1. Report every pair of residues separated by at least 6 positions or lying on different chains whose Cβ atoms are under 6 Å apart, first residue within region 1-30 and of a type in the set (Val, Ile, Thr), second open to solvent by 50 Å² or more (accessible area, probe 1.4 Å).
2. Any residue in region 270-292 that is under 15 Å from Asn351 (Cα atoms) and open to solvent by less than 60 Å² (accessible area, probe 1.4 Å)?
3. If you check Asp286, Asp332, Asp353, which single one turns out to be more than 16 Å from the ligand (Cβ to nearest atom) and closer than 30 Å to Ile23 by Cβ?
4. Kindly evaluate Asp147 against the criterion of being open to solvent by 20 Å² or more (accessible area, probe 1.4 Å), outside any helix (DSSP H, G or I) and away from the ligand (no atom under 14 Å from the Cβ).
5. For residues that are in contact with a strand residue (DSSP E or B) (Cβ under 7 Å, 6 or more places away or on another chain) and within 12 Å of Arg106 (Cβ to Cβ), scanning just region 196-216, find the one that is surrounded by the fewest Cβ atoms within 10 Å (Cβ to Cβ).
6. Among the residues in region 437-446, are any modelled with pLDDT under 95 and in a helix (DSSP H, G or I)?
7. State all residues of region 57-72 that are part of a helix (DSSP H, G or I) and open to solvent by 50 Å² or more (accessible area, probe 1.4 Å); if no residue qualifies, say none.
8. Got a number for residues in region 417-439 being hydrophobic (A, V, I, L, M, F, W, C) and either open to solvent by 10 Å² or more (accessible area, probe 1.4 Å) or closer than 14 Å to Ile404 by Cα (or both)?
Amino acid sequence: MKLWGGRFENQTDKAAFDFQSSIHVDRRLYREDILGSIAHAKTLNRCGVLTEDETVKVEMSLNEMLQDIEDGKLQIGMEHEDIHTFIEATLTERIGDLGKKIHTGRSRNDQVATDFRMYLGTEVDLLVELLKNLEEALISIAEDNLDTILSGYTHLQKAQPLTLAHYLMAYFEMFRRDMERLLDAKKRIMIMPLGSGALAGTTFDLDREYTCQLLGFNDITYNSLDGVSDRDFAIELASDLSIIMMHLSRFCEEIILWASGEFGYVEMDDGFSTGSSIMPQKKNPDVAELIRGKTGRVYGSNMTLLTIMKSLPLAYNKDMQEDKEAVFDAIDTVKACVDMFTGMIKTIRFNKDRMYEASEEGYTNATDLADYLVKKGVPFRETHEISGQIVNFAIKQNKKLSEITVENFKRFSDLIEEDIYREISVETCVNARNLIGGPAREAVMKAIERGKEFLNEEMGDVKK
Ligand code: ARG
């Protein structure tokens, strides 16, 4: 069925009709389209277009339709152009001519923007929930590893000792910002365009604030042209999704490195690894690799949206129909990735001994040796030089700093005493960094507390 036959003398080419149809993509908006139509019917009743009786009939039939679709009793017919056409056609099939009144004062242009925004609002809540699960998993692993020492890196070269808890909480911070970004984007998603009509509003006196309230939007749009042609909210969401994937991808890259024989810091659970068809010894971190790979796909969707919108004159253009496929794919991908990642990180085994050993290699305590001398009154730039010379000496002797005798230390600075060994142990290196945001046990415990508070408060907001 088509909604626009009147002006036409000849049939649409079948291939062209199929080409421009979007029902295979926008079918998932059925719920929003039905709820939006019920609210629109009630608003039409308020301004006298529909009688009380008619409104009740329309509402009942639409509710039934929703139930039937959900129960699988009503199939969404792929011969229809889009979901809006299908819902209107089915309504008319079920209640006769009255169904033909539902599109009064409405266009598919404001309808699709409304449906799309409602759908994304719900998806944002689901995404935030999934991120919350991930955050809780990170906190719980961090709590078990407040004293698990590993080396931190810069330039992928050993830098300074940290704890695994501190490391995991760095990712916690990233996902916390992601949750905030999503919830902030939701404020701009939940704005109702209905009443914008095709582009110039409508001659019917629709109480848009009433419709807005019925549908649970935060506010209405204030310009009908912008109302139908704005897709900023979708682009913003896709950007936020891209950032989430970037974070997941960094984490995955790290896990892939750590799972290599060269690092040996982690072992993936069998449930999240696969083997090789030819090399019997292999256990590959496929899930992490695939999440890293799917990042490209989400970035692609983001770029698709920006490119679709970049030259569109006001107001609606059919180009915009391409928006949904990109956003839906990005959302589906991110949801699956966050969920998979959470399962993977919960089951991963950390090789603490290997991490500890590695943290003692590579002179990760050289800064602490320099700091030791600063505390004895030598300016840092000089202590940096002295520590560097000692590292050079140690490399030549094939020794760790902790294996150098006091006598040998004194060749570089006679301020170095017996207490040096305690001061440059990796445990001291970590726990002496007890400032806010540092890796010391106490500092990380505070960060975890802050994290927990955030999760409790934030989820309160989502439910609102
Ligand atoms: N399927 C369309 C879309 O998703 C609905 C709006 C169609 N409007 C129009 N004037 N053709 O964009």
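The values are calculated or read from the model by the stated rules, or taken from the named source; none is laboratory data. In this text the structure is predicted, and so the values were computed from the model without any measurement. Neighbour counts run over all protein chains shown; Cβ positions are idealised from the backbone, glycine included. The accessibility values were calculated without ligands, DNA or RNA, using every heavy atom of the protein model including side chains. Shrake-Rupley method; radii C 1.70, N 1.55, O 1.52, S 1.80 Å.
1. Ile23/Met78; Val25/Glu325
2. no
3. Values: Asp286 fails: closer than 30 Å to Ile23 by Cβ; Asp353 fails: closer than 30 Å to Ile23 by Cβ.
When all the criteria are applied, what remains is Asp332.
4. The answer is yes for Asp147.
5. Here is the first cut: in region 196-216, the ones in contact with a strand residue (DSSP E or B) (Cβ under 7 Å, 6 or more places away or on another chain) are 208-209, 211-212, 215.
Filter once more, keeping what is within 12 Å of Arg106 (Cβ to Cβ): 208, 211.
On the way: Arg208: 20, Thr211: 22.
It comes out as Arg208.
6. As a first pass, look at region 437-446 and keep what is modelled with pLDDT under 95: none.
No.
7. If the condition is that a residue be part of a helix (DSSP H, G or I) and open to solvent by 50 Å² or more (accessible area, probe 1.4 Å), then Lys57, Glu59, Met60, Asn63, Glu64, Gln67, Glu70 are the ones that fit.
8. If we filter region 417-439 for residues that are hydrophobic (A, V, I, L, M, F, W, C), which is where we start, we get 420, 424, 426, 429-430, 432, 435-436.
Narrowing further to those that are either open to solvent by 10 Å² or more (accessible area, probe 1.4 Å) or closer than 14 Å to Ile404 by Cα (or both): 420, 424, 432, 435-436.
Qualifying residue count, region 417-439: 5.
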